[in-house]
Amino acid sequence: MLAIQPFVLLLDKNRRRAQHLVNKVWATLSTMLFYKTEIEGWENLPAADEGAVYVANHQSFLDIYTLFQLGRPFKFISKTSNFLIPIIGWSMYMTGHIPLKRMDKRSQLECLKTCMKLVKEGVSVLFFPEGTRTTDGAMAAFKKGAFSVAAKAGVPVVPITLIGSGKLMPNGLEYTLRPGVIKMIVHPPIRSKNADELCNESRKVIAETLIKHGLPVH
């Protein structure tokens, strides 16, 4: 990634597709020996060059590794301290992911402005609208930031349900990785100029899918 970074910045500064491909290969190879990923709804994915807001429930540290396997060059938001982690943090920086100081209102506003700019330029952004990983296995309420970005930028929201990652690596037990299957369901894109409507519809489709698979929702 370091070797190709100058060329990426020169030729593909916003999407950074080459760096995202490295992330995808890295994520796939580093997890395939431990768990299998099943993906439903490939047909619902927007084109790779179409800006969209992806939203998913957040159960585990494995969620990002799993979502990379969609093959879409999205950016995701992560707390600033994660960018300091050797190797992982450096790759996040080179791929152009978005840092956030969680308790800093100014940082939150800058983060949303960055997301807005990216999606308007055709770069997709991934949000975990719960704000953090679940602590009890149940999906929490959604924050509205992701949906405000989509509504104002006029891009679709693509809801994604993740099933099983919390069992394989529960929040707080990152040293544990159990074998098994993670299922990822990509739902049809939702379009609206109303952020509340986008939020409610996205949460509804993800919640209904979780409940259908026997998982709790707050």
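The values are calculated or read from the model by the stated rules, or taken from the named source; none is laboratory data. All of these numbers come straight from a predicted model, not from anything done at the bench. Don't worry about glycine lacking a Cβ; one is built from the backbone with ideal geometry, like all the others, and counts go over all protein chains shown. Heavy atoms of the whole protein, side chains included, go into the accessibility calculation; ligands, DNA and RNA do not. Shrake-Rupley method; radii C 1.70, N 1.55, O 1.52, S 1.80 Å.
Quick notes
- Failed item, numbered, when Val181 is tested on (1) touching a residue at least 60 places away in the same chain (Cβ under 8 Å); (2) in a helix (DSSP H, G or I); (3) β-branched (Val, Ile, Thr); (4) open to solvent by 60 Å² or more (accessible area, probe 1.4 Å): (2)
- Screening Ser124 on (1) of a type outside the set (Val, Ile, Thr); (2) buried (at least 19 other Cβ atoms within 10 Å of the Cβ); (3) under 19 Å from Tyr35 (Cα atoms) shows it passes everything except condition (3).
- Every residue from region 197-218 that is open to solvent by less than 80 Å² (accessible area, probe 1.4 Å) and either in contact with a helix residue (DSSP H, G or I) (Cβ under 9 Å, 6 or more places away or on another chain) or among the aliphatic types (A, V, I, L, M) (or both): Leu198, Cys199, Ser202, Val205, Ile206, Ala207, Leu210, Leu215, Pro216, Val217
- In region 49-73, residue surrounded by the fewest Cβ atoms within 10 Å (Cβ to Cβ) [restricted to those that are small (Gly, Ala, Ser) and closer than 22 Å to Leu21 by Cβ]: Gly71
- The C-beta contact set for region 70-88 (first residue farther than 21 Å from Thr37 by Cβ, second residue open to solvent by 40 Å² or more (accessible area, probe 1.4 Å), distance under 6 angstrom, 6+ apart or interchain) comprises Lys79/Arg102; Thr80/Pro99; Thr80/Lys101; Phe83/Tyr93; Phe83/Pro99.
- Selected residue (criterion: nearest to Val181 (Cα to Cα)) from residues of region 34-51 that are in contact with a strand residue (DSSP E or B) (Cβ under 9 Å, 6 or more places away or on another chain) and assigned to a loop (DSSP other than H, G, I, E, B): Phe34
- Whichever residue in region 15-33 is loosely packed, with under 15 Cβ neighbours inside 10 Å and part of a loop (DSSP other than H, G, I, E, B) and, among such residues, is modelled with the highest pLDDT: Met32
- The sole residue among Thr161, Thr95, Thr114 that is over 27 Å from Ala207 (Cα atoms), under 18 Å from the mean Cα position of the chain (by Cα) and open to solvent by less than 30 Å² (accessible area, probe 1.4 Å) is Thr95.
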